[in-house]
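Following: one structure in structure tokens, then a few remarks.
Please treat every number below as a calculation from the coordinates, not as lab data. What you see is a predicted model, and the numbers here were worked out from it, not measured in a lab. Backbone-built Cβ (ideal geometry, glycine too); neighbour counts: all protein chains shown.
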């Protein structure tokens, strides 16, 4: 189990482009750009989401990872959470997190849908900055994530000074689920 400290800012296309240009100028690289897909799973009554947990299969750079995130704790403008991860050899039709990770719910979870991210990563001492353009359920949004140690996160946030909404519990899965429920899909299929 890994602990992850991150800051997330939901922004608009113009601010996203400004931060991307600033990072490219500062690092003299275009960044590491790739597409990742998050496939979200939950029970038919959203038991994981109700417990502030999230289960996904992440497809990234020709690999599949099952990830379970929980125990989120707000630390000022940052979020600390625990994440379990297991590499998969094939895509599951359904998932019981307890089959992979101890101390997780014993519940059969079904696929709700996916969120596609065009991501560009920049690596700094103590932190990684990810600029994410996300597409899900007919929506498109822009997000800046800074993950690492607290001092590096604060330094990079000060340098970028991104304009946008600091997301307090409104990460990708929360936004996906809100849209999912809007379309009348109140029960997982």
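What the table shows:
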{"item": "Two-site label geometry, residue 51 and residue 93: point separation in nm, points 7 Å out along Cα→Cβ", "result": "2.5 nm"}
{"item": "Between helix 13-27 and the chain: long-axis angle, C-alpha atoms, 0 to 90°, nearest 10", "result": "60 degrees"}
{"item": "FRET efficiency, 1/(1 + (r/R0)^6) with R0 22 Å, evaluated for residue 135 and residue 181 via beta carbons", "result": "0.75"}
{"item": "Acute angle (nearest 10 degrees) that the helix 150-160 long axis makes with the longest principal axis of the chain, alpha-carbon atoms", "result": "60 degrees"}
{"item": "Contour minus Cα-Cα distance for residue 123 and residue 25 (0.36 nm per residue)", "result": "33.9 nm"}
{"item": "Kirkwood Rh and Cα Rg combined as Rg/Rh, the range 69-157", "result": "1.01"}
{"item": "Cα centroid separation, the range 18-44 to the range 86-142 (Å)", "result": "13 Å"}
{"item": "Angle in degrees between helix 172-182 and the longest Cα principal axis of the chain, rounded to the nearest 10", "result": "50 degrees"}
{"item": "Calculated Rg and Dmax of the Cα atoms in Å (choose from (1) 16.7, 51; (2) 16.5, 48; (3) 23.1, 69), label", "result": "(2)"}
